[in-house]
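What follows is a single structure, written as structure tokens, with notes after it.
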Amino acid sequence: MTSPADRLRAVRERIAVAARAAGRDPASVGLLAVSKTWPADDVRALAALGQTAFGENRAQELAAKAAELADLSLEWHFVGQLQRNKAAAVARTGAVVHSLDRSSLARALSRAGEERGRPVDVFVQVDLGGAAGELAERGGAAPADVPALADEVADLPGLRLRGLMAVAPRGEEPGPAFARLAALAGRLRADHPGATEVSAGMSGDLEEAVAAGATLVRVGTALFGSRPLTSPRVTPVTGVPPEGAPEEV
Ligand SMILES: *Cc1c(COP(=O)(O)O)cnc(C)c1O
């Protein structure tokens, strides 16, 4: 049995080794601990070791954990596909949203940012495609649509564009996919100099992502262990529609 401290140290070491191999400063790569399905106590254990950024992929689970851990100063990130009718609930938790992939969601999140009086930090998620070049459809805007979507995000008053996010496609080497992401990120920075971040890399492919310039890796399994097949029950939080609720029109 490895301890949370051992696992955190091992992940940080993997990031540092990958960064140095790419001629990068290990401090230029942030670590987002993806705590989805894991109870708040496991987040607490990692927080006690100095980890501050945590990611969730369900609005209700995020709201419940953020409320339960409100005594800690944690930075929350939302990495799952987001329905428009949950944009306000996610914004209220203060989370950075990694999965902005369409105009309607951009407008809903911007409204939520204006309502809470502070812009929502967002990454535009890119669909890097499947092995045969088609879209992988795990969320994300088609690469060709990214520049226009980024322009729209940059113009919305309730959003702050931080950069691009992607998940490596299944059934393909992650390196070339992350290289495509890096090229898009370079183009994005030319148009939006403040959007410098690249959220990419998970437990299985963080080295390839760091080699391609990721500034934030999202790691779940290597920190917390293999996820159970079903999520633990979370305390319902008022104001968050249940998962699977239909999108508002
Ligand atoms: C679950 C998840 C991760 C973490 O994946 P692991 O393989 O467990 O490290 C990263 N990014 C997103 C979008 C996720 O949903």
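Observations on the model:
- Strands (runs of 3 or more DSSP E) enclosed by region 63-147 - at least 2 residues per element that are among the aromatic types (Phe, Trp, Tyr): 75-78
- Yes/no for Arg12 being more than 16 Å from the ligand (Cβ to nearest atom), at pLDDT 95 or above and in a helix (DSSP H, G or I): no
- The single condition among (1) more than 13 Å from the ligand (Cβ to nearest atom); (2) under 15 Å from the mean Cα position of the chain (by Cα); (3) within 25 Å of Arg7 (Cα to Cα) that Ala211 does not satisfy is (2).
- Single unsatisfied condition, Pro236 versus (1) within 15 Å of Val11 (Cα to Cα); (2) at pLDDT below 95; (3) of a type outside the set (Gly, Ala, Ser): (1)
- Residue in region 22-37 that is touching a residue at least 40 places away in the same chain (Cβ under 8 Å), buried (at least 19 other Cβ atoms within 10 Å of the Cβ), in a helix (DSSP H, G or I) and touching a strand residue (DSSP E or B) at 6+ places or on another chain (Cβ under 9 Å) present: no
- Filter result for Ala91 (crowded, with 19+ Cβ neighbours inside 10 Å, modelled with pLDDT of 95 or more and of a type outside the set (Lys, Arg)): yes
- Qualifying position, being buried (at least 21 other Cβ atoms within 10 Å of the Cβ) and under 24 Å from Asp205 (Cα atoms), among Ala59, Ala5, Ala63, Ala18: Ala18
Yes/no per residue for (1) closer than 23 Å to Leu109 by Cβ; (2) within 16 Å of the ligand (Cβ to nearest atom); (3) not β-branched (Val, Ile, Thr):
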site: Ala45; (1), (2), (3): no, no, yes
site: Asp71; (1), (2), (3): no, no, yes
site: Leu74; (1), (2), (3): yes, no, yes
site: Phe78; (1), (2), (3): yes, yes, yes
site: Gln83; (1), (2), (3): yes, yes, yes
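- Filter pass, His98 being surrounded by 24 or more Cβ atoms within 10 Å (Cβ to Cβ), more than 16 Å from Leu188 (Cα to Cα) and modelled with pLDDT of 95 or more: no
- Filter pass, Ala185 being in a helix (DSSP H, G or I), surrounded by 21 or more Cβ atoms within 10 Å (Cβ to Cβ) and within 14 Å of the ligand (Cβ to nearest atom): no
- The residue that is surrounded by the fewest Cβ atoms within 10 Å (Cβ to Cβ), counting only those in region 189-203 that are in a helix (DSSP H, G or I) and out of contact with any Ser or Thr (no Cβ under 9 Å at 6 or more places or on another chain), is Ala190.
- Selection count, region 156-182, where residues are within 16 Å of the ligand (Cβ to nearest atom), more than 15 Å from the chain's Cα centre (by Cα), of a type in the set (Gly, Ala, Ser) and not in a loop (DSSP other than H, G, I, E, B): 1
- Number of the condition not met by Gly55 [criteria: (1) small (Gly, Ala, Ser); (2) outside any strand (DSSP E or B); (3) within 16 Å of the ligand (Cβ to nearest atom)]: (2)
The values are calculated or read from the model by the stated rules, or taken from the named source; none is laboratory data. As the structure is a computational prediction, the values presented were derived from the model and not from experiment. Note that each Cβ is placed from the backbone with ideal geometry, even for glycine, and that neighbours are counted across all protein chains shown.
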